[in-house]
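Structure, as structure tokens:
Nothing in this text is a laboratory measurement; each read-out follows from the coordinates by a stated rule. Only a predicted model underlies this, so the values are computations on that prediction, with no experimental measurement involved. We place every Cβ from the backbone using ideal geometry, glycine too, and count neighbours over all the protein chains shown.
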Amino acid sequence: MKSEHKHDCASVIAEVKPLLPKDEELYDLAEVFKVFGDSTRIKILFCLFEHEMCVNDIAELTGATQSAVSHQLRILKNAKLVSASRDGKQMIYSLSDEHVRSIIGQGMEHINE
């Protein structure tokens, strides 16, 4: 069945072009999504989705070494997806904010549809 109204490319482009983010914003967004592209980092984020915890706890839950977890946490921290606070001698990690929680939650909803 053919659509009755015509698609006016020029008006669509004129409407959408000013709404596009700047190239540097798109680059930054792509970098954030790259961080989500590693299953170990996703597993760490899921652990932190449930509860804040230390490297030892995360290593135990993920089956990764403490060294590997620390490395991935640095990447997650640099991407501002995870934050850390000191509790005595150890660092306690948590999701940075509700945006990260929302991204993870929506991603799970999407794959489970």
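Determine, yes or no, whether residue 76 is among the aliphatic types (A, V, I, L, M) and surrounded by 15 or more Cβ atoms within 10 Å (Cβ to Cβ). The answer is yes for residue 76.
Selection over region 46-99 of residues that are farther than 25 Å from residue 31 by Cβ and in a helix (DSSP H, G or I) gives a count of 7.
For region 21-34, the criterion of being without any contact (Cβ under 8 Å) to a residue 12 or more places away in the chain, among the β-branched types (Val, Ile, Thr) and in a helix (DSSP H, G or I) is satisfied by no residue at all.
Examine region 66-88 for a residue that is over 18 Å from the mean Cα position of the chain (by Cα) and β-branched (Val, Ile, Thr), and state whether such a residue exists. The answer is no; no qualifying residue exists.
Remark: pairs (first residue in region 63-81, farther than 16 Å from residue 95 by Cβ and free of Cβ contacts under 8 Å to residues at least 24 places away in the same chain; second residue in a helix (DSSP H, G or I) and among the charged types (D, E, K, R); Cβ separation under 9 Å; 6+ apart in sequence or on different chains) = 63/43.
The set of residues in region 26-57 being under 19 Å from residue 107 (Cβ atoms), crowded, with 17+ Cβ neighbours inside 10 Å and more than 13 Å from the chain's Cα centre (by Cα) consists of 47 alone.
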